[in-house]
Amino acid sequence: MSKWYAEKGSQSETVISTRIRLARNIDDFVFPCRLDKEGKAKVNELVKKAVFECCGDKYSYISMKDLSHLQAVSLAERHVISPEFTSCEEGTGLIISDDESVSIMICEEDHIRLQVMKSGLALDEAYKIADETDSALDEKLSYAFDERIGYMTSDPTNLGTAMRASVFLHLPALTACGQINAIANTVSKLGLSIGGAYGSRKKPAGDIYQISNRITLGITEETAVANLKSIVMQLINQERSAAEREIKNPALEDKIYRSLGVLENARMLNADEFMELISYVRFGASAGLLDIPVERINALITDMQPATVAVSNEDADTVAKRDARRAELVRQALAG
Amino acid sequence: MLCQNCGKYEATTHIKQIINGDMAETHLCPDCANHLGYGDMFSGFDFSLSGLLSGFLGDMLPPVSLGPVTRCEKCGCSFDDIARAGKVGCPECYRTFYDRLLPSIQRIHGKISHAGKTGQSAGNREKIETSGEKIAKLRVQMDEAVRVQNFERAAEIRDEIKKLEGENINE
């Protein structure tokens with residue numbers, strides 16, 4: 001079955017994907033950080049039963065401790081699970097839909113972390129699915145909820161709606177003209193935060209950023225989503241006008257075609273070099289310079305992450321073999 | 001271990017520095033650590049929200065604890081445990097420590113009342129309340145008990161109020 005990230009979404013020149021995440025806890029149990037092995041096993045069973053009863057057979061359950069470290073990191077690279085969840089401690093589980101668009105982490109920081117991913121900018125659609133799934137689960141499980149402080153979460157920064165809405169953006173032009181820090185300052189005043197989606201916090205890889213709401217108490221889900229959407233639309237417009245300016249620079253045009261040349265011909269590609277070059281190629285494609293569908297580039301960015309390459313190409317058991325395999329896959333993808 | 005700076009309070013901040021290849025260790029109480037510039041939870045760490053929270057809550061830790069420590073009946077967490085981890089142990093902790101969590105919740109979110117989706121379990125229990133609100137409610141009930149001359153019940157409520165007020169003073 002094809003994965004959600006291979007689909008074309010709205011505003012896809014700039015927006016790679018959208019994610020809604022809801023945190024929920026079951027009232028009778030202490031939070032995972034203080035829950036023993038037996039308690040976690042019970043929570044896993046309860047959530048599993050609830051999901052399979054209400055949402056049918058399009059989901060499968062994985063006990064995290066059965067996964068290798070690489071398999072877990074690959075899930076994190078695809079944003080199916082959080083980086084913290086890759087430690088695969090006993091008592092943690094994952095429920096995932098066939099196309100990987102809906103997933104539920106069990107006993108991460110909270111008992112339930114339900115998340116919905118969509119290609120492109122699709123905050124309302126993603127929230128609708130998350131909300132419906134959540135309401136269906138609420139009928140089977142007794143959530144820890146208080147009318148005053150909302151959904152009770154292990155971390156008080158999530159109290160209230162316990163919803164984190166995120167949009168993943170490719171902002172090469174704004175990065176090139178040094179605007180990201182100013183943007184980060186502005187959005188933080190509006191109750192949002194922005195950071196690199198890949199690579200380290202200080203040096204985001206591939207000019208891909210994640211912007212999310214920070215405030216969850218005293219605000220409705222709809223307002224939080226609408227606020228985020230309006231800021232994202234402004235960022236898209238800023239990126240577009242910066243791109244129109246930048247693209248006239250012959251040095252940038254040269255860099256875009258050179259990057260494409262390397263990606264189409266390289267026989268060895270490490271992940272860092274790939275991310276740097278694919279960002280230029282994506283820039284060229286979204287500015288209309290190159291005739292490559294951006295959703296193909298998005299899928300490539302996801303599939304070429306280090307652990308994901310390692311997991312799906314088991315014969316490539318050394319770094320050199322993996323770099324060669326990555327180069328081969330990139331050549332194939334760009335050739336169509 | 002006592003604070004190396006003031007020698008009065010228990011040291012809770014432990015700093016290891018390597019200067020010219022030699023390791024120097026310093027142990028400070030919260031007040032001295034703040035005063036000497038080691039109180040900033042963010043310096044040297046990646047910014048994270050749970051760091052932010054334990055920073056907030058840490059501000060409110062007393063230098064020495066007075067009297068018996070209140071623990072959550074369900075999970076056994078003390079307020080100290082919550083402040084250090086930046087994480088709450090269970091739903092009951094919010095009820096037990098609501099008074100002391102409230103200022104941090106307000107600082108994080110700017111607001112203190114939920115406005116979003118309502119879970120099905122809403123209304124199953126009484127709403128979370130500060131002890132001030134609980135006491136005010138009990139006073140009304142006590143006056144009502146006196147009015148109907150149910151003095152036994154009024155005395156029970158009076159004891160309950162005293163207990164709540166006592167907890168406030170201890171902490």
Notebook entry, point to check: Counting only other chains, what is the mean number of Cβ atoms within 10 angstrom of the Cβ of each residue in peptide B:84-97?
Noted result: 6
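Counting other Cβ atoms within 10 Å, keep those with at most 10, restrict to DSSP loop, and tell me which trypsin sites (Lys or Arg not before Pro) in region A:263-304 are left.
Details: sites: A:Arg267, A:Arg282, A:Arg296; in loops: A:Arg267.
Qualifying residues, ordered by number: A:Arg267.
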Next item on the list: Please give the FRET efficiency for A:Ala251 paired with A:Glu89, using the beta carbon to beta carbon distance and R0 = 41 Å, rounded to the nearest 0.05.
Entry: 0.25
Notebook entry, point to check: What percentage of the solvent-accessible surface of region A:1-157, computed with a 1.4 Å probe over protein heavy atoms, is contributed by carbon and sulfur atoms?
Noted result: 47 percent
Note to self: Can you compute the FRET efficiency between A:Gln234 and A:Ala333 using 1/(1 + (r/R0)^6), with r the Cβ-Cβ distance and R0 = 22 Å? Round to the nearest 0.05.
What the structure shows: 0.10
Next item on the list: Using a 10 Å cut-off on Cβ to Cβ distances, tally the other chain neighbours for every residue of A:23-31 and report the average as a whole number.
Entry: 4
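With all protein chains present, how much of the accessible area of region B:131-170 (probe radius 1.4 Å) comes from carbon and sulfur, to the nearest whole percent? Before the final figure, lay out each step's value.
On the way: 1540 of 2940 Å².
With neighbouring chains kept in place, the figure for region B:131-170 is 52 percent.
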Next item on the list: Find the sum over both chains of the accessible area lost when A and B are paired, probe 1.4 Å, and report it in Å² to the nearest 100.
Entry: 3700 Å²
Note to self: I want to verify a result. In a Gaussian network model of chain A, Cα cutoff 10 Å, which of these has the top mean-square fluctuation: A:Thr302, A:Thr14, A:Thr318?
What the structure shows: A:Thr318
Next item on the list: Within 10 Å, count the other beta carbons around each residue, average over each peptide in A:31-37, B:85-91, and list them highest first.
Entry: B:85-91, A:31-37
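Pull out the extension gain between A:Thr220 and A:Arg258, defined as 0.36 nm times the separation in residues minus the alpha carbon to alpha carbon distance; nm, one decimal. Intermediate results must be reported in sequence, preceding the final value.
On the way: separation 38, 0.36 × 38 = 13.68 nm, distance 4.73 nm.
Residue separation times 0.36 nm, minus the Cα-Cα distance, leaves 9.0 nm.
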Next item on the list: For region A:125-160, list whatever residues lose no less than 40 Å² of accessible surface once every protein chain is in place, relative to that chain by itself, with the probe at 1.4 Å.
Entry: A:Asp138, A:Phe145, A:Asp146, A:Glu147, A:Arg148, A:Ile149, A:Met152, A:Asp155, A:Pro156, A:Thr157
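Per residue, how much accessible surface does the protein assembly as shown expose to a 1.4 Å probe? Answer in Å², no decimals.
On the way: 24250 Å² over 507 residues.
Ligands and nucleic acids excluded, the figure is 48 Å² per residue.
Evaluate E = 1/(1 + (r/R0)^6) for A:Asn185 and A:Glu244, where r is the Cβ-Cβ distance and R0 equals 30 Å; express this FRET efficiency to the nearest 0.05. Please list the in-between numbers first.
On the way: r = 24 Å, r/R0 = 0.81.
Result of the calculation: an efficiency of 0.80.
Just to confirm the filter: which GluC sites (Glu not before Pro) across region A:43-113 are DSSP coil and have at most 12 other Cβ within 10 angstrom of their Cβ? The partial results should precede the final answer.
On the way: sites: A:Glu45, A:Glu53, A:Glu77, A:Glu84, A:Glu89, A:Glu90, A:Glu100, A:Glu108, A:Glu109; in loops: A:Glu89, A:Glu90, A:Glu100, A:Glu108, A:Glu109.
Here the sparse-neighbourhood loop sites are A:Glu90.
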Check: Name the GluC sites (Glu not before Pro) in region B:96-145 that are in a loop by DSSP and that have at most 16 other C-beta atoms within 10 Å, would you?
Finding: B:Glu126, B:Glu129
Item checked: Residues along region B:99-116 losing 20 Å² or more of accessible surface when the other protein chains are present rather than the chain by itself (probe 1.4 Å) -> B:Ile105, B:Ile108, B:His109, B:Lys111, B:Ile112, B:Ser113, B:His114, B:Ala115, B:Gly116
Notebook entry, point to check: Can you give the extra length, in nm with one decimal, that the chain gains between A:Ser10 and A:Arg296 once fully stretched, where that is 0.36 nm per residue apart less the Cα-Cα distance?
Noted result: 101.5 nm
Check: Going from most exposed to least, what order do A:Val80, A:Val319 have by accessible area with a 1.4 Å probe?
Finding: A:Val319, A:Val80
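Could you pull out every whole DSSP H run in chain A that spans at least 30 Å of Cα extent along its own axis and averages -1.0 or higher on the Kyte-Doolittle scale? Write down the numbers at each step before the final one.
Working: long enough: A:221-247 (38 Å, -0.30).
What comes out of the filter, once short or polar helices are dropped, is A:221-247.
The values are calculated or read from the model by the stated rules, or taken from the named source; none is laboratory data. All values derive from a computational prediction rather than experimental measurement. Don't worry about glycine lacking a Cβ; one is built from the backbone with ideal geometry, like all the others, and counts go over all protein chains shown. Surface accessibility is based on the protein's heavy atoms, side chains included, excluding ligands, DNA and RNA. Shrake-Rupley method; radii C 1.70, N 1.55, O 1.52, S 1.80 Å.
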